[in-house]
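Taking it in order: structure first as structure tokens, then the write-up.
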Amino acid sequence: MKSLMKNKGYVTLMVAQAISSIGDWLSIVAIITLVGLKWNATPMEVSLIFLCLAVPMALLGPVAGVVADRLNRKTLMIVSDVVRAGLILILTIADAIWMVYICLFIIGVFSAVFVPAKNGKLKELVPQDDMKGAMSITSMIDSTTKVIGPLLSGLLVAAVGAKLVFYIDSATFIVSALIILFLPNAVNSLQDENNEEENVKSSFKADFVLGMSFIKSNRFMLVGMFFLGFSLLILQLSDSQIIVLIRELTTASPDLFGYVVAAAGVGTFFSGLLLAKKTEYNAFPLMLIGVCGIGLSFGMMSVLTYVDLDYSIIWGIVLGFFAGFAAGVVFVPFYATAQVETPGHMTGRVFGVINSVTTTATIIGPLLGGWLATSIGVIPTFMITASLLIMVSFIGFFAKNSIERGKDNVSESKPGASTEAPS
């Protein structure tokens, strides 16, 4: 961890990420306030706000990943930030909801490019031995901004109004772009002339196929991504319905939902902190333990809600923290190992596909969760979610030896040095 703090390029990238992530949350809360309260949007119109941001990332993730590998990653990140800053400014003059949808959709497109470009740049800046720690710190930043961002945005919207928050949000993207300007070129550049020439001559389609072939050939990547996506899909069935579950409690505090979400963010932060210090771990078993932990947390929430147990302000926060901690144990090891396993010139493609899988899960999960909670009730939905997550973790443990043998075989057949994208 100390060596990472001495890596100026990595620190610069993380500062830009933190500022940009807080900006993302500032705009989301401000948009919901503007559309939901001032324009009296219907529930479906509010749902379309999130879909406009998520659908481009789900559909364009693999294509955006190829773009991030073929073009200068630093330039892509700067352009993405500047364009998003301009689109946020357009929201200050929007007077119809269709204008908001168009702006958000284009923001989603450029976010789809930014994510794999950032992960590719991370690969360039951080030595292989420090990669697990770097991904853990990245997770800590994400979880922290998810707690601070909505809180700060809520305070700002209440104090100065939604439109001024859009100006502030636009400024965060500009600041992020300016910071990215100071990023150095790759410190791990190992490419040779033949590989560079091959990258120039290869077609967009060939690059896309090559990236997909790499994922298919790496058993850990393929199976890990399946478990990650499937677990996230199941998780979202209930995660989107926590506020509905809290309504079932007769003595719940009105602020309980906010406390549970904040506790989950803190839990994820601490799991990232622990994994940043203890990087000598086996990723797949940790992921399965995390999946099981989320299942147990959700199962306990449903049981305690069913019996309508008092002191929900205590057990709700504890279970929220535990669920967040377990979620960190799922995501951090997978992303860290994916960074370590992926050659530098394919990082954008691989993380573009991963981003597409996870975003798709976060789109489908809440829709299914809402339908399921309406059909059979929120408590049975949580029970089903908990059971499925625990079952998935047990299936993974039974298949663990086969998966790890595949991972070892792939590792032994890998070339010794990886190539890097131009920076």
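All of the numbers you see were taken from the coordinates with simple rules; none came from a lab. Remember, it's a predicted structure, so these values are computed and weren't measured experimentally. Cβ: placed from backbone, ideal geometry, glycine included. Neighbour counts: every protein chain shown.
State to the nearest 20 debye the size of the charge dipole of segment 234-374 about its Cα centre, where the only charges are +1 on K and R beta carbons and -1 on D and E beta carbons. Magnitude of the dipole: close to 360 debye.
Give me the net charge for the shell around VAL115: Cβ to Cβ below 15 angstrom, other residues only, Lys and Arg +1, Asp and Glu -1. Charge balance near VAL115 sits at +3.
The count of lysine pairs in segment 205-409 whose Cα atoms are under 30 Å apart, excluding pairs fewer than 8 places apart on the same chain, comes to 9.
Taking every C-alpha pair closer than 8 Å and separated by at least 6 residues, the mean separation divided by the residue count of the chain gives a relative contact order of 29 percent. Once you order the gyration tensor axes a ≥ b ≥ c over the Cα atoms, which shape class does segment 1-189 get: rounded for a/c under 1.5, otherwise prolate or oblate by comparing a/b with b/c? Note, shape of segment 1-189 comes out prolate.
Under 5 Å from the amide H of ALA41 lie the amide H atoms of GLY36, each residue being 5 or more positions distant or on a separate chain, with H modelled from the backbone and absent for Pro and chain starts. A run of the chain free of exposed loop cleavage sites, with trypsin sites (Lys or Arg not before Pro) counted only in DSSP states other than H, G, I, E and B and at most 15 other beta carbons within 10 Å, reaches its longest extent at 7-277.
Loop by DSSP (not H, G, I, E, B), at most 15 other beta-carbon atoms within 10 Å: where is the longest site-free stretch of the chain for GluC sites (Glu not before Pro)? By the stated rule (loop sites, at most 15 other Cβ atoms within 10 Å), 1-247.
Within the listed set VAL66, VAL55, VAL332, the residue fluctuating most in the Gaussian network model of the chain (springs between alpha-carbon atoms under 10 angstrom) is VAL55. Answer with one residue from PHE50, GLY161, GLY86: the one whose Cα lies farthest towards the positive end of the charge dipole of segment 29-169, charges on Cβ with Lys, Arg +1 and Asp, Glu -1. The listed residue farthest towards the positive side: GLY86. Given (i) 36, 22, 21; (ii) 31, 28, 21; (iii) 34, 28, 19, which label gives semi-axes √(5λ) of the Cα gyration tensor in Å as computed from the coordinates? Evaluating semi-axes √(5λ) of the Cα gyration tensor in Å on these atoms matches (iii).
Taking a Cβ cut-off of under 15 Å around LEU249, the surrounding Lys, Arg, Asp and Glu residues balance to a net charge of -3, with basic ones at +1 and acidic ones at -1.
Taking the Cα centre of segment 1-189 as origin and assigning +1 to Lys and Arg Cβ atoms and -1 to Asp and Glu Cβ atoms, the resulting dipole is close to 440 debye.
For PHE226, the shell of other residues with beta-carbons less than 13 Å away shows a net charge of +2, using +1 for Lys and Arg and -1 for Asp and Glu.
Over segment 1-189, what relative contact order in percent results from Cα pairs under 8 Å that are six or more residues apart? Relative contact order for segment 1-189 comes out at 46 percent. Let me make sure I get this right: for segment 205-409, a, b and c are the square roots of the gyration tensor eigenvalues over alpha carbons, sorted descending. Under 1.5 in a/c it's rounded, otherwise prolate if a/b > b/c, else oblate. Which is it? Judged from the Cα gyration tensor, segment 205-409 comes out prolate (a/c at least 1.5, a/b above b/c). Here's the picture: charge each Lys and Arg Cβ at +1 and each Asp and Glu Cβ at -1 in segment 205-409, and of VAL340, ALA263, ILE384 the one pushed furthest to the positive end of that dipole is VAL340.
Each stretch of four or more DSSP H residues adds -39500 (n - 2.57); spread over every residue of the chain, this sum gives -28500 deg cm²/dmol at 222 nm. When the chain is treated as a GNM with alpha-carbon contacts under 10 Å, the residue of ILE364, ILE354, ILE376 showing the greatest mean-square fluctuation is ILE376. Per-residue Karplus couplings for segment 87-98, computed as 6.51 cos²θ - 1.76 cosθ + 1.60 with θ equal to phi - 60°, are listed in order as 5, 5, 5, 4, 4, 5, 10, 5, 10, 9, 5, 5 Hz, Gly and Pro entered as x. Taking THR42, THR12, THR172 in turn, the Gaussian network model of the chain (Cα-Cα springs below 10 Å) assigns the largest fluctuation to THR42.
Label-to-label distance, ILE90 versus SER387, with points set 7 angstrom from Cα along the beta-carbon direction: 4.7 nm. Across segment 205-409, Cα pairs under 8 Å and at least six residues apart give a relative contact order of 41 percent.
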